[in-house]
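Working notes, structure below.
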């Protein structure tokens, strides 16, 4: 049994959230630059230039890319041969979030009770942490500060198996169209297919975290991703929703086995500030 | 793309009526911040017939909840939030003399009708460009609701704050007029 100190968990999580909020991924930045070259709308082109300038400025000065520094979401792969010592694992994670948001001048956007008093917790905790137990003696953290401009535009639907590929396509396009300018396009569209209501929304979020430009290993899903990306970019919504040919940088699909009676589909939208970071300890 | 216009807040109805959807503007002077929680409190005061903490006549409200300022900075990252959440409160504020809003995303039919009736304009700033936008915010003062933190009402002194007229006081709306031009492009 390998022992890992809770303080190391805290420090890792803190550094990941600081890094994610200040530095946009090179894949996202490269994609924005490529799209800027081919964007047909002059206003859309200018918006993309501002976004690129913004992302480079944030990295240079170590300030938040976007003021919505999000709710802290973590996907953790926890090796079953690891024993965290010196503290509770979840507390150690939330302490890392707390330190990143307080010490990094990041906005605290979490309210304790969602319905009644909506009082800000003051330190951006608690996080939303998904843990999967895996073989091995390491812990992998994949973190995303999730902004709510885009989260609010996400959707989930229980399709009928008979709805098939066309049903999935129609739901994805409908969701993107309905979102319009609100989620800060160009976006990354994560699509979950299969599982149950809870599983499918998690798949959709995981799908948004894939490196931009990387296609699904199954050629059928890869083709569907390409067709959906093309269709999304033909909506004309464009950068900031002001019209143009760049509405999404990627459409990524993750799937899972499901019940004979169902075809769950979820769409999770991430804005162009598609922030993420990962580390293994 | 139309003209680029330098404007100074507070705004007159005459100036607002000259602005057209598609115009680029550089905003100077004072803008007030307010988002969900502050709008809710303003609305409660209006319903009770009590005075507001700011005189909104001629003013611009910027829908933003900024990041805290790093030492040496006036403000942290400060881009627009989604405006639609403020729609239920907005027609009343427009009736009271609010002349402009800065945000991102769709507005309701009720808001657009009130903008036409009372003469007001909706500016779009680029969502997610908060680090860059913060460079045009030179000074920040808390005006009200300090307990709300990022959601408090702040007075921003801005210089050449970049925005685009997305919906003008005649109801022309870039979100409706522009995407069809590039659809199936």
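The values are calculated or read from the model by the stated rules, or taken from the named source; none is laboratory data. Just so it is clear, the structure is predicted and the values come from calculations on it, not from any experiment. Neighbour counts are summed over all protein chains in view; Cβ atoms, including those assigned to glycine, are modelled from backbone coordinates with ideal geometry.
From (1) touching a strand residue (DSSP E or B) at 6+ places or on another chain (Cβ under 7 Å); (2) assigned to a helix (DSSP H, G or I); (3) away from every other protein chain (no Cβ under 12 Å), pick out the condition that doesn't hold for residue B:114.
For residue B:114, the exception is condition (1).
Which one of these is assigned to a helix (DSSP H, G or I), at pLDDT below 95 and within 14 Å of another protein chain (Cβ to nearest Cβ): B:184, B:150, B:134? Can you show your working first?
Values: B:184 fails: assigned to a helix (DSSP H, G or I); B:134 fails: at pLDDT below 95.
Checking each option against the conditions leaves just B:150.
What do you reckon, is residue A:17 in contact with a helix residue (DSSP H, G or I) (Cβ under 8 Å, 6 or more places away or on another chain), away from chain B (no Cβ under 14 Å), buried (at least 18 other Cβ atoms within 10 Å of the Cβ) and modelled with pLDDT of 95 or more? Walk me through it before giving the result.
Working: in contact with a helix residue (DSSP H, G or I) (Cβ under 8 Å, 6 or more places away or on another chain): yes; away from chain B (no Cβ under 14 Å): no; buried (at least 18 other Cβ atoms within 10 Å of the Cβ): yes; modelled with pLDDT of 95 or more: yes.
Answer is no for this residue.
Looking at the range A:56-73, which of its residues are assigned to a strand (DSSP E or B) and either at the interface with chain B (Cβ under 7 Å from one of its Cβ atoms) or buried (at least 24 other Cβ atoms within 10 Å of the Cβ) (or both)?
At the first step, the residues of the range A:56-73 found to be assigned to a strand (DSSP E or B) are A:71-73.
Across the range A:56-73, the qualifying residue is only A:72.
If you take the residues in the range A:29-55 that are at the interface with chain B (Cβ under 9 Å from one of its Cβ atoms) and free of Cβ contacts under 8 Å to residues at least 40 places away in the same chain, which one is farthest from the chain's Cα centre (by Cα)?
A:42
If a residue counts only when it is surrounded by 16 or more Cβ atoms within 10 Å (Cβ to Cβ) and touching a residue at least 60 places away in the same chain (Cβ under 8 Å), which strands (runs of 3 or more DSSP E) contained entirely in the range B:1-87 have at least 3 such residues? Walk me through it before giving the result.
Working: elements: B:4-8, B:24-33, B:60-62.
Those strands (runs of 3 or more DSSP E) span B:24-33.
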